[in-house]
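For reference, the structure is listed below as structure tokens.
The values are calculated or read from the model by the stated rules, or taken from the named source; none is laboratory data. Quick caveat, the model's predicted, so the values are computed rather than measured. Neighbour counts run over all protein chains shown; Cβ positions are idealised from the backbone, glycine included. Quick note on the areas: whole protein, heavy atoms, side chains included, nothing else; ligands and nucleic acids left out. Shrake-Rupley method; radii C 1.70, N 1.55, O 1.52, S 1.80 Å.
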Amino acid sequence: MNTSLSWIKAYVPELSCTAQEYTDAMTLSGTKVEGFVKQDADLEKIVVGQIESIEPHPDATKLVVCQVNVGTETVQIVTGAPNVKPGESGQKVVVVLDGGKVAGGHDGKMTPGGIQIKKGKLRGVESSGMMCSIEELGSSRELYPEAPEEGIYIFPEDAEVQVGEDAIHALGLDDVIFEYEITSNRVDCYSVLGIAREAAATFGKEFVPPIVTKTGNDEDANDYVKVTVKDPDLCTRYCARVVKNIKIGPSPKWMQRRLASNGIRPINNIVDITNYVMEEYGQPMHAYDYDTIAGHEIIVRRAEKDEKFVTLDGQERTMDENVLMICDGEKAVGIAGIMGGENSMITDQVKTMLFEAACFDGTNIRLSSKRVGLRTDASGKFEKGLDPNNAQAAIDRACQLVEELGAGEVVGGMVDIYTKKKEPVRVPFEPEKINALLGTEIPAEQMLGYFRKIDLEYDAKTNEVIAPTFRHDLFRTADLAEEVARFYGYDNIPTTLPTGEATTGKLSYKLRIEEIARNIAEFCGFSQGMTYSFESPKVFDKLLLAPDAPERQAITISNPLGEDFSIMRTISLNGMLTSLAFNYNHRNKNVRLYELGNIYIPKELPLKELPDERMQFTLGMYGEGDFFHMKGVVEEFFEKVGMRKKTQYDPKAGKPFLHPGRQANIIYDGQIVGYLGEIHPQVADNYGIGEKVYVAVLDMPYIVEAATFDRKYNGIARFPAVTRDLSMVVPKEILAGQIEAMIEQRGGKILESYQLFDIYEGAQIKPGYKSMAYSVVFRAKDKTLEEAEITAAMKKILNGLQSMGIELRQ
């Protein structure tokens, strides 16, 4: 965003400061100035002169000798400009005096520091100074179209300039151009009026915006054109006015100079008015030739798929159904918010014109601009998200300028399609909170004074600050505090110590559980791995999952890197087995890995809400170790996180990717919290692993729920323990867990612990049976146990075991 200082001063007439002072103050108040350029930095001693006589050079056919009145004297200047000829005189020209400077040469190339002009002789004739072309002044014919293609600059006959006055001021080149870095939340500052409002508040001067008066004849624009908006979500407001009896011509010099300072080339009065209002109000506008609008009807709709359209630049562009189009009764006439069509462009033959000022959805304009490969000044402003209430003010200002410049006759009334009016935001005014946030003691009235400078109103009845709709960044007390800080001065805010209570930092409960999982795994020789959450659908076949397995209900990525990363994983084993396979193929022995990573379980497909992200603690190993080593790691982890209830293992886990006879669900307090086992040989072969692989997977949300860091102290036992051994012949189908459950059930209060210390299957045991031996410990907390008590407890245990078909070995 660029503005000239002179344009700012038009709305802040009392503003008086240097370019550097302006830069520093505006930056401190929140409107960052990136830099500035003084247009007259390399221009010195340049005045308006009048040629009094022109004579041929006595010794050069292409040179002439001019006598030029520069106000204080008449000087002789020799020139070779082709537009200065003998016999002609009276022209007012730009003269750089002896010792002055110009910005560059007549070829338009600038010279750093300028070029100094000295008195000298040209082919034997003295020349005191030089008459300048517009290029030598650092400008161009684009900004000064009246300047000749070759030759010196001659002021138009109607130019109100005096001989001897400062020519740089007369040409409007004594200005400063400021470049701003505007943040996307300050859409109001993408206009000259927005910058001027900020400048007035920063320097404490009066802000004088243009007064827009009512325009138009006794007719009604609604009788001229009908407007239909078919997609109000993408076009929240559409304003249209009509101007007839158009008179195309050049815009006035002041308008041309202001547009030029913003880098916009003047074209004609109508085009310049639309560009001027866009810069002044930050509201892009467009003008259509009314007579080319079929049916005198405007329809705002989405484009058809692959619809072709030729824009003003003559390029044919292809649309899709997400691009918003401006159409008449038969055809498209413009791409909404981006560029009009060649079929409705304003020409010198235009008689009646339709003015458009609308508010389009910023996100749609940005995406549409990318789709069609066209970005314009208008689309750049619409992308930020404009204020729909600004559209009427802008179109009324444009019509006012049409009347003031005599460019046409404005038809009364306005077509206004405004589906949902945007209302001002109300924010509670809490000066105590603002002061606490800033560390200041600013009176409430002083804060309200700052707000009034930037057009924020105050409702004393409700004690609320009312933010105008052009301020998209004011919603809460912190936003108001920023406004106070900006104009109070960040450099005026005192240094204060932070307030509040110091608290001890620590990990959350969930992270503490995960940290223990890492510690246990690493203590047991496992190394941490990290694998992708994106996987291939082929994973399910490698893991032998059934076609209707719930794990296959995975979320599909809309823009995947490829098929191998096209779904979100629903099971963590693939990443673990892939990592183990990589190590195996690189001949690494005895590899143990673990991972803490999420799986993503959709609640329904297609997705209507976020999936259930469940952290999985996955352990995998090959080489040294077996099923029971992995079981021991799991139980060690449970012990450390306070899960001291009896853990059960159900061999009927039914996991197709695990060995049918070497797998189990892990059950804690009646809930399945994971599984472990040996990988199915076929699955191991699918991954290229030639050894037995053991895995365990724990569902961490269940672990976090069951874990506890509460610990209860038990004193050292005062009475002795009594140990009894049980040696049994057990049917093979009976599990150790079933035996232990019976021991616990029948052991009574005096049962302290039990331990399986031997298991044997062989020729000495009858077929279908196995030998198991337990050590059972009894102890009473309040006395020494008697033999009768121990015998009674043992009898109950033996009776229970015998009821299960278990025989006691003698």
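Across the range 135-182, the number of residues qualifying as assigned to a loop (DSSP other than H, G, I, E, B) and either at pLDDT 90 or above or within 30 Å of residue 62 (Cβ to Cβ) (or both) comes to 27. Those residues that are crowded, with 17+ Cβ neighbours inside 10 Å and in a loop (DSSP other than H, G, I, E, B), I need them from the range 375-390; list them, please. Across the range 375-390, the qualifying residues are 376, 383, 384, 385, 386, 387, 388, 389.
Which of the residues spanning the range 53-69 are surrounded by 20 or more Cβ atoms within 10 Å (Cβ to Cβ) and either within 17 Å of residue 99 (Cβ to Cβ) or aliphatic (A, V, I, L, M) (or both)? I'd like the intermediate steps shown before the answer.
Start the filter on the range 53-69 by keeping residues that are surrounded by 20 or more Cβ atoms within 10 Å (Cβ to Cβ), which leaves 64-66, 68.
Of everything in the range 53-69, those that are surrounded by 20 or more Cβ atoms within 10 Å (Cβ to Cβ) and either within 17 Å of residue 99 (Cβ to Cβ) or aliphatic (A, V, I, L, M) (or both) turn out to be 64, 65, 68.
What number of residues within the range 617-654 are modelled with pLDDT of 95 or more and among the hydroxyl-bearing types (Ser, Thr, Tyr)? Within the range 617-654, residues that are modelled with pLDDT of 95 or more and among the hydroxyl-bearing types (Ser, Thr, Tyr) number 2.
Cβ-Cβ distances below 6 Å connect the following pairs, each with a first residue in the range 361-385 that is farther than 19 Å from residue 188 by Cβ, a second residue that is part of a helix (DSSP H, G or I) and modelled with pLDDT of 90 or more, and a separation of six or more residues or different chains: 369/379; 375/369. The single condition among (1) hydrophobic (A, V, I, L, M, F, W, C); (2) assigned to a strand (DSSP E or B); (3) surrounded by fewer than 17 Cβ atoms within 10 Å (Cβ to Cβ) that residue 605 does not satisfy is (2). The sole residue among 746, 724, 718 that is assigned to a strand (DSSP E or B) and at negative phi is 724. Per the conditions (1) surrounded by fewer than 17 Cβ atoms within 10 Å (Cβ to Cβ); (2) small (Gly, Ala, Ser); (3) closer than 19 Å to residue 540 by Cβ; (4) in contact with a helix residue (DSSP H, G or I) (Cβ under 8 Å, 6 or more places away or on another chain), the sole criterion not satisfied by residue 677 is (1).
Restricting the search to the range 606-616, which residues are modelled with pLDDT under 90 and hydrophobic (A, V, I, L, M, F, W, C)?
First, pick out the residues of the range 606-616 that are modelled with pLDDT under 90: 606-608.
Hit for the range 606-616 is 607, nothing else.
Scanning the range 323-374 for residues that are acidic (Asp, Glu) and assigned to a loop (DSSP other than H, G, I, E, B), which turns out least open to solvent (accessible area, probe 1.4 Å)? So the residue we want is 328.
Per-residue answers, yes or no, for (1) within 21 Å of residue 717 (Cα to Cα); (2) of a type in the set (Gly, Ala, Ser); (3) modelled with pLDDT of 95 or more:
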position	(1), (2), (3)
760	no, no, no
769	no, no, no
781	yes, no, no
793	yes, yes, no
808	no, no, no
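Within the range 632-661, count every residue that is among the charged types (D, E, K, R), more than 25 Å from residue 570 (Cβ to Cβ) and under 50 Å from the mean Cα position of the chain (by Cα).
Kept after step one, since they are among the charged types (D, E, K, R), are these residues of the range 632-661: 635-636, 639-640, 644-646, 650, 652, 655.
The next check asks that each one be more than 25 Å from residue 570 (Cβ to Cβ); those that pass are 635-636, 639-640, 644-646.
Those left that are additionally under 50 Å from the mean Cα position of the chain (by Cα): 635-636, 639-640, 644-645.
Summing the residues that are among the charged types (D, E, K, R), more than 25 Å from residue 570 (Cβ to Cβ) and under 50 Å from the mean Cα position of the chain (by Cα) in the range 632-661 gives 6.
Taking the range 490-510 on its own, how many of its residues are open to solvent by less than 100 Å² (accessible area, probe 1.4 Å) and either β-branched (Val, Ile, Thr) or closer than 30 Å to residue 705 by Cα (or both)? Talk me through it step by step, then tell me what you get.
Restricting attention to the range 490-510, the residues satisfying the condition of being open to solvent by less than 100 Å² (accessible area, probe 1.4 Å) are 492-494, 496, 500, 505, 507-510.
Next cut, either β-branched (Val, Ile, Thr) or closer than 30 Å to residue 705 by Cα (or both) only: 493, 496, 505, 507-510.
Number of matching residues: 7.
Condition (residue is farther than 22 Å from residue 612 by Cα and either open to solvent by 30 Å² or more (accessible area, probe 1.4 Å) or touching a residue at least 60 places away in the same chain (Cβ under 8 Å) (or both)) applied to the range 569-578: is it met by at least one residue? Checking the range 569-578: at least one residue is farther than 22 Å from residue 612 by Cα and either open to solvent by 30 Å² or more (accessible area, probe 1.4 Å) or touching a residue at least 60 places away in the same chain (Cβ under 8 Å) (or both). Against the numbered list (1) farther than 22 Å from residue 266 by Cα; (2) surrounded by 16 or more Cβ atoms within 10 Å (Cβ to Cβ); (3) among the hydrophobic types (A, V, I, L, M, F, W, C); (4) under 50 Å from the mean Cα position of the chain (by Cα), residue 143 comes up short only at (1). Within the range 458-495, being of a type in the set (D, E, K, R) and either in contact (Cβ under 8 Å) with a residue 24 or more places away in the chain or assigned to a helix (DSSP H, G or I) (or both) holds for 459, 464, 471, 473, 476, 479, 482, 483, 486, 491. Among the candidates 432, 403, the residue that is under 27 Å from residue 242 (Cα atoms) and assigned to a helix (DSSP H, G or I) is uniquely 403. Look at (1) open to solvent by 10 Å² or more (accessible area, probe 1.4 Å); (2) within 21 Å of residue 128 (Cα to Cα); (3) of a type outside the set (Phe, Trp, Tyr); (4) in contact with a Cys (Cβ under 9 Å, 6 or more places away or on another chain) and you find that residue 25 fails only one, number (2).
Anything in the range 435-448 that is assigned to a helix (DSSP H, G or I) and open to solvent by 20 Å² or more (accessible area, probe 1.4 Å)? List them, or say none.
At the first step, the residues of the range 435-448 found to be assigned to a helix (DSSP H, G or I) are 435-438, 444-448.
Result: 435, 436, 437, 438, 444, 445, 446.
Condition first: in contact with a Phe, Trp or Tyr (Cβ under 9 Å, 6 or more places away or on another chain) and of a type in the set (Gly, Ala, Ser). Can you find one or more residues in the range 711-720 that meet it? No, the range 711-720 contains no residue that is in contact with a Phe, Trp or Tyr (Cβ under 9 Å, 6 or more places away or on another chain) and of a type in the set (Gly, Ala, Ser).
What is the residue count in the range 285-322 for residues that are assigned to a loop (DSSP other than H, G, I, E, B) and within 32 Å of the chain's Cα centre (by Cα)?
Our first condition is that a residue be assigned to a loop (DSSP other than H, G, I, E, B); within the range 285-322, this holds for 285, 293, 303-307, 312-315, 319-322.
Then keep just the ones that are within 32 Å of the chain's Cα centre (by Cα); that gives 285, 303-307, 312-313, 315, 319-322.
So the count comes out to 13.
Here's a check for you: in the range 759-788, which residue that is hydrophobic (A, V, I, L, M, F, W, C) and touching a residue at least 60 places away in the same chain (Cβ under 8 Å) is surrounded by the most Cβ atoms within 10 Å (Cβ to Cβ)? Looking at residues that are hydrophobic (A, V, I, L, M, F, W, C) and touching a residue at least 60 places away in the same chain (Cβ under 8 Å), I get 780. A count restricted to the range 437-450 and to residues that are more than 11 Å from residue 493 (Cβ to Cβ) and out of contact with any Asp or Glu (no Cβ under 7 Å at 6 or more places or on another chain) stands at 7.
Taking the conditions exactly as written (of a type in the set (S, T, N, Q) and closer than 30 Å to residue 596 by Cα), does residue 708 satisfy them or not? Steps first, please.
Numbers: of a type in the set (S, T, N, Q): yes; closer than 30 Å to residue 596 by Cα: yes.
It is true that residue 708 is of a type in the set (S, T, N, Q) and closer than 30 Å to residue 596 by Cα.
When we screen 415, 427, 410 for residues that are touching a Ser or Thr at 6+ places or on another chain (Cβ under 6 Å) and among the β-branched types (Val, Ile, Thr), the only hit is 410.
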